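The values are calculated or read from the model by the stated rules, or taken from the named source; none is laboratory data. Because the structure is a prediction, the values reported are computed rather than measured. When we count neighbours, we look across all protein chains shown, and the Cβ atoms used for this are built from the backbone with ideal geometry, even at glycine.
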Amino acid sequence: MATSFIRDSPYLSKDRITDLAHPELTVCSLCNGLLWLPVACEKCETSFCTSCIKTWRIEAEDPRLCPKCSAEYSQRPCPGAITHILSTFNIICHHKPHGCSAIVPYKSLETHEETCDYRQKTCPGCEEKIIRMHFNAHYYTCPSVLLTCPECNSIYQRQNADQHTDYKCLRVQINQLQDQMMRIEHIQNGKLNLLESQIRHLIETIEQIVNR
Ligand SMILES: [Zn+2]
Ligand SMILES: [Zn+2]
Ligand SMILES: [Zn+2]
Ligand SMILES: [Zn+2]
Ligand SMILES: [Zn+2]
C-alpha cells in the first residue's frame, strides 16, 4: 500500500462471515473487512468499499493515487467475478448482540438489518435503547413519554398525567378563551376606531359644504 491507512471499524468485519472465501479478492485492504458496495481501480482492478475509497480520497497523503498500485486512481465498477463471490456469502446479522440469530445472504443483509426485530430504537421519553420487537410495549407505558391533553393541548410526562386534573384542564381552557377574546376585542377595536375616524371625516366634509 502506498500509505499506511486502515479504518478502525469496517462496515462488515470478517468475523461476521460464516463462509469466507478468496479473502485476497473479497476483503477490502483499507478497512480489513468484507467489501461493502465495492468499486475498483481502473488500472489494477483492486476493489475497495465505496465508503473506504471515499475516505481515502479525502484523508490520504496523496488522495489522487490508488492505495494499491499508486497509479492515478480512476474508478470502475467492481469486477463481476468478485461481486459473484460476495453474493455467495452468508453474514451474521449486526444485531446479534441484541438477540438476533439470523444469518442472511450478502445481498439481503441491508434489508434484513433495517427491518430486523432486534434493531434498537431510542425511546423519545427516557432515551433508553429498546429493541424493535419490544418498542411499542415500552413506548405506550414509558412514564417519561410526553403526552398531549386532547382538551387543552397541555403537554406533560405520562407519569405526571394525574396531576393534570379536570380542574387544571378547565383553568387552562378558560385562560385560552380569555386570550382569544382579548385578541378578537383588539381587532374589533381597531376596526371601530377606523370607522369612527371615517365618520368624523364625513361629518367635517358635510359641515364644510353646509357652511359654504
Ligand atoms: Zn473497506
Ligand atoms: Zn490501482
Ligand atoms: Zn437481525
Ligand atoms: Zn422510555
Ligand atoms: Zn387538559
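In segment 140-197, of all residues being basic (Lys, Arg) and surrounded by 12 or more Cβ atoms within 10 Å (Cβ to Cβ), the one that is farthest from ligand 5 (Cβ to nearest atom) corresponds to Arg158.
Select, from Ile53, Ile92, Ile17, the only residue that is within 16 Å of ligand 1 (Cβ to nearest atom), within 25 Å of the chain's Cα centre (by Cα) and β-branched (Val, Ile, Thr). Give the derivation first.
Numbers: Ile92 fails: within 16 Å of ligand 1 (Cβ to nearest atom); Ile17 fails: within 25 Å of the chain's Cα centre (by Cα).
Result of the check over Ile53, Ile92, Ile17: Ile53.
Hey, which of the strands (runs of 3 or more DSSP E) in segment 13-79, taking only ones fully inside, have at least 1 residues that are modelled with pLDDT of 95 or more and among the β-branched types (Val, Ile, Thr)? Explain how you work it out, then say what you get.
Values: elements: 38-41, 47-49, 75-77.
The strands (runs of 3 or more DSSP E) meeting that bar are 38-41.
The sole residue among Ile130, Ile92 that is within 28 Å of Thr18 (Cα to Cα), free of Cβ contacts under 8 Å to residues at least 12 places away in the same chain and surrounded by 12 or more Cβ atoms within 10 Å (Cβ to Cβ) is Ile130.
Out of all the residues in segment 185-193, is one or more in contact with an Asp or Glu (Cβ under 6 Å, 6 or more places away or on another chain) and more than 16 Å from ligand 2 (Cβ to nearest atom)? Give the derivation first.
Step one: list which residues in segment 185-193 are in contact with an Asp or Glu (Cβ under 6 Å, 6 or more places away or on another chain), which gives none.
No, because not a single residue in segment 185-193 is in contact with an Asp or Glu (Cβ under 6 Å, 6 or more places away or on another chain) and more than 16 Å from ligand 2 (Cβ to nearest atom).
Remark: pairs (first residue in segment 161-177, over 26 Å from Thr141 (Cα atoms); second residue of a type in the set (Asp, Glu); Cβ separation under 7 Å; 6+ apart in sequence or on different chains) = Gln173/Glu151. Any chance segment 135-144 includes a residue that's within 16 Å of ligand 1 (Cβ to nearest atom), within 30 Å of Ile17 (Cβ to Cβ) and outside the structural domain of Asn32 (by TED's automatic domain parsing)? Within segment 135-144, not a single residue is within 16 Å of ligand 1 (Cβ to nearest atom), within 30 Å of Ile17 (Cβ to Cβ) and outside the structural domain of Asn32 (by TED's automatic domain parsing). Considering segment 136-169 alone, what residues qualify as being assigned to a helix (DSSP H, G or I), within 16 Å of Lys121 (Cα to Cα) and not small (Gly, Ala, Ser)? Within segment 136-169, Asn136, His138, Tyr139 meet the criteria. Condition first: part of a loop (DSSP other than H, G, I, E, B) and out of contact with any strand residue (DSSP E or B) (no Cβ under 7 Å at 6 or more places or on another chain). Now tell me which residues in segment 125-135 satisfy that. Of everything in segment 125-135, those that are part of a loop (DSSP other than H, G, I, E, B) and out of contact with any strand residue (DSSP E or B) (no Cβ under 7 Å at 6 or more places or on another chain) turn out to be Cys126, Glu127, Glu128.
Applying the criterion of being touching a strand residue (DSSP E or B) at 6+ places or on another chain (Cβ under 8 Å) and touching a residue at least 12 places away in the same chain (Cβ under 8 Å) to the residues of segment 56-71, the residue that is farthest from ligand 2 (Cβ to nearest atom) is Trp56. Glu113 falls short on exactly one of the conditions (1) surrounded by 14 or more Cβ atoms within 10 Å (Cβ to Cβ); (2) away from ligand 3 (no atom under 16 Å from the Cβ); (3) within 18 Å of the chain's Cα centre (by Cα), and that condition is (2). Here is a check on your reading of the model: is Lys107 in a helix (DSSP H, G or I), under 25 Å from the mean Cα position of the chain (by Cα) and surrounded by fewer than 20 Cβ atoms within 10 Å (Cβ to Cβ)? So Lys107 passes the test. Selection over segment 28-55 of residues that are closer than 20 Å to His84 by Cα and within 16 Å of ligand 2 (Cβ to nearest atom) gives a count of 15.
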